[in-house]
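One structure below.
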Amino acid sequence: MDDLQYSPLDAAHRALGAKMVPFGGWDMPLSYPSGTIDEHMACRTAAVAFDVSHLGTVRVGGSDAFERLQWAFTNDLGKIGSGRAQYTHLLDESDGSVLDDIIIWWVDDDTFDVMPNASNTDRVRNAIGGQETTHSRAIIAVQGPQARARLMTVFAEASAVKRFHVVHAVWDDVPCIVAGTGYTGEDGVEISIPADMAPRLWAKLLEADITPAGLGARDTLRLEAALPLHGHELGAGITPLQAGLGWVVAWTKGDFRGRAALEVQQAQGVSRRLRGIVTEGRRPPREGCAVLVDDQVVGALTSGNFSPILGHGIALAFLPTEMVDGTPVVIDIRGSALGGTVVATPFVAKQK
Amino acid sequence: MVVMNVPDDLLYSSDHEWIQISATHARIGITDYAQDALGDVVYVQVPTVGVAVVVGESFSEVESTKSVSDIYAPVSGVVIEVNEALGSDPAAVNSDPYGAGWLCVIEMSATNEIDALLAADAYRALTEG
């Protein structure tokens, strides 16, 4: 069992009294003693710091790096440039389903940091080559409406990195890479820092009144923002088109891995699409629960939980395309019925 | 490691419920250990007054942001009082598991079932083991 990987911030988490859980092969904080709800609210109202060192980093370099990534992934790096970040997908060539969803940091002209989900790092590296640098650095995500203001006192250069920009920045003589990215629906940045220096930066962030937050809050936050989680809303049998992420597919850029399979689906149209459902009362709808209309099962929840901001249940499900917003549904929670309504997402509007 | 509160004057089940006996009444809730393991409680399925419960059988659910946990009846009987306040304030289970976080009172049908419950020392040993 102890083939788990440990973050450079592991000791700091334990000293804070975090509950640790295995996630994607890593032992990571689920929550700190204040609890998931407090951490969630801190991110929506103030500022939090997540240790996301479990995300993979695969560095791809060389004069052919751009072309290799253009072929491997769905989005078009030609739409951005060096010093920018982009969300993209790696597809299964056979059926166009999403093998992983990825953020690319275009670090320098011929250098890209490709960041897969923890458990998919090997799969992505096999597809694109490159050098895995995951263990040489920590990544700290600072998120929330006050994230930049509080980060300013600790690491001013990082606090100024704009949304989807990628910048080399120096903190206390330590070279870092900072991107204006995140996974909460809030403003903020993610800081990649050499592993041995990460505990010092983490401590300074907490001193600046930035609340440590764990995977529990990360999940409820991303669900309120209706951001997909691989293995739930993306994965085997799910294409970007079904997930409502057609904008991630750059049809205009030429051939890419999985394109042919996806074109077939594009031509036929999708029969099911990812939708939001709000439910009545505090009871959390859960992944796997059946969704019914007129006593007929029309789908199953891929994620669901209590929304701390809204005070009721929220969920995502693949539902027949013809179902309109406002359609009443019933969620079967272990044999008892919970009323719900199909709605447009995100559940909680993005902060400007 | 956080030290869990296990009051000496209560009885406990191996399913992590506490039981306060008063004549034929058993007031129950979940222990400090249980609430800590669950994490932030967001929903309690408060039982209905008058419902009959059987020892060892699930009759309620407590849900946190991360999971759902069945509540098993520590004794048999009939539910005669419930903590309606948990409907709007389930977090009381976390903040005050032995006080404001109580779940219900059961009128026991077989008081000898108490003998199978654990004293505080035995429950402490169970959770620390």
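The values are calculated or read from the model by the stated rules, or taken from the named source; none is laboratory data. Keep in mind that this is a model prediction, so the values were computed, not measured. Cβ placement follows ideal geometry from the backbone for every residue including glycine, while neighbour counts extend to all protein chains displayed. Just the protein is used for accessible areas: all its heavy atoms, side chains included, with ligands, DNA and RNA removed. Shrake-Rupley method; radii C 1.70, N 1.55, O 1.52, S 1.80 Å.
Just to be sure I understand, how many residues within region B:48-71 are buried (at least 19 other Cβ atoms within 10 Å of the Cβ) and more than 9 Å from chain A (Cβ to nearest Cβ)? Before you say what the answer is, go through the steps one by one.
Of the residues in region B:48-71, the ones buried (at least 19 other Cβ atoms within 10 Å of the Cβ) are B:53, B:59-60, B:62-66, B:69, B:71.
Checking the rest, the ones that are also more than 9 Å from chain A (Cβ to nearest Cβ) come to B:53, B:59-60, B:62, B:69, B:71.
Going through region B:48-71 one residue at a time, the tally reaches 6.
Just give me the residues in region A:116-131 being within 19 Å of the chain's Cα centre (by Cα) and either more than 17 Å from A:G61 (Cα to Cα) or assigned to a helix (DSSP H, G or I) (or both), in sequence order. Explain how you work it out, then say what you get.
First pass over region A:116-131, keeping only residues within 19 Å of the chain's Cα centre (by Cα): A:116-125.
Result: A:N117, A:A118, A:S119, A:N120, A:T121, A:D122, A:R123, A:V124, A:R125.
Tally up the residues in region A:195-252 that are basic (K, R), closer than 18 Å to A:Q143 by Cβ and either open to solvent by 20 Å² or more (accessible area, probe 1.4 Å) or in contact with an Asp or Glu (Cβ under 9 Å, 6 or more places away or on another chain) (or both), please.
Within region A:195-252, the subset basic (K, R) is A:200, A:204, A:218, A:222.
Applying the additional criterion that residues be closer than 18 Å to A:Q143 by Cβ yields A:204, A:218, A:222.
The next check asks that each one be either open to solvent by 20 Å² or more (accessible area, probe 1.4 Å) or in contact with an Asp or Glu (Cβ under 9 Å, 6 or more places away or on another chain) (or both); those that pass are A:204, A:218.
Final tally of qualifying residues: 2.
Among the residues of region A:205-219, are any of a type in the set (V, I, T) and over 29 Å from A:D38 (Cβ atoms)?
At the first step, the residues of region A:205-219 found to be of a type in the set (V, I, T) are A:210-211.
Now restrict to residues that are over 29 Å from A:D38 (Cβ atoms): none.
No, the conditions are met nowhere in region A:205-219.
Go through region A:172-218 and count every residue that is more than 13 Å from the chain's Cα centre (by Cα) and of a type in the set (S, T, N, Q).
Of the residues in region A:172-218, 2 are more than 13 Å from the chain's Cα centre (by Cα) and of a type in the set (S, T, N, Q).
Can you name every one of the strands (runs of 3 or more DSSP E) wholly within region A:237-318 that holds 2 or more residues which are without any contact (Cβ under 8 Å) to a residue 40 or more places away in the chain and not aliphatic (A, V, I, L, M)?
Numbers: elements: A:272-279, A:290-293, A:296-306.
Fully inside region A:237-318 and qualifying: A:296-306.
A:L151 versus (1) open to solvent by less than 10 Å² (accessible area, probe 1.4 Å); (2) in a loop (DSSP other than H, G, I, E, B); (3) assigned by TED's automatic domain parsing to the domain that holds A:G182; (4) not basic (K, R): which is the lone unmet condition?
Going through (1) open to solvent by less than 10 Å² (accessible area, probe 1.4 Å); (2) in a loop (DSSP other than H, G, I, E, B); (3) assigned by TED's automatic domain parsing to the domain that holds A:G182; (4) not basic (K, R) one by one, A:L151 breaks only (2).
Given the residues A:G24, A:G62, which is the only one that is over 25 Å from A:P284 (Cβ atoms), open to solvent by 20 Å² or more (accessible area, probe 1.4 Å), of a type outside the set (F, W, Y) and away from every other protein chain (no Cβ under 14 Å)?
Numbers: A:G24 fails: over 25 Å from A:P284 (Cβ atoms).
Selected residue: A:G62, the only one of A:G24, A:G62 that is over 25 Å from A:P284 (Cβ atoms), open to solvent by 20 Å² or more (accessible area, probe 1.4 Å), of a type outside the set (F, W, Y) and away from every other protein chain (no Cβ under 14 Å).
Suppose we filter B:A92, B:A116, B:A110 for residues that are under 23 Å from B:S60 (Cα atoms), open to solvent by less than 40 Å² (accessible area, probe 1.4 Å) and either more than 15 Å from the chain's Cα centre (by Cα) or polar (S, T, N, Q) (or both); which single one remains? Even if it seems obvious, please write down each step before you answer.
Working: B:A92 fails: either more than 15 Å from the chain's Cα centre (by Cα) or polar (S, T, N, Q) (or both); B:A116 fails: open to solvent by less than 40 Å² (accessible area, probe 1.4 Å).
Within the list B:A92, B:A116, B:A110, the selection yields B:A110.
Quick one: B:G77 ticks every box in (1) facing chain A (nearest Cβ under 9 Å); (2) closer than 26 Å to B:I114 by Cβ except a single one, so which number is it?
The number of the failed condition is (1).
For region A:22-106, give me every one of the strands (runs of 3 or more DSSP E) that falls completely inside it and has 2 or more residues that are in contact with a Lys or Arg (Cβ under 6 Å, 6 or more places away or on another chain).
Of the strands (runs of 3 or more DSSP E) lying wholly inside region A:22-106, those with at least 2 residues that are in contact with a Lys or Arg (Cβ under 6 Å, 6 or more places away or on another chain) span A:26-31.
Test B:D89 against the stated conditions and say whether it is within 13 Å of chain A (Cβ to nearest Cβ) and either in contact with a Lys or Arg (Cβ under 7 Å, 6 or more places away or on another chain) or part of a loop (DSSP other than H, G, I, E, B) (or both).
Details: within 13 Å of chain A (Cβ to nearest Cβ): yes; either in contact with a Lys or Arg (Cβ under 7 Å, 6 or more places away or on another chain) or part of a loop (DSSP other than H, G, I, E, B) (or both): yes.
Yes: the conditions hold for B:D89.
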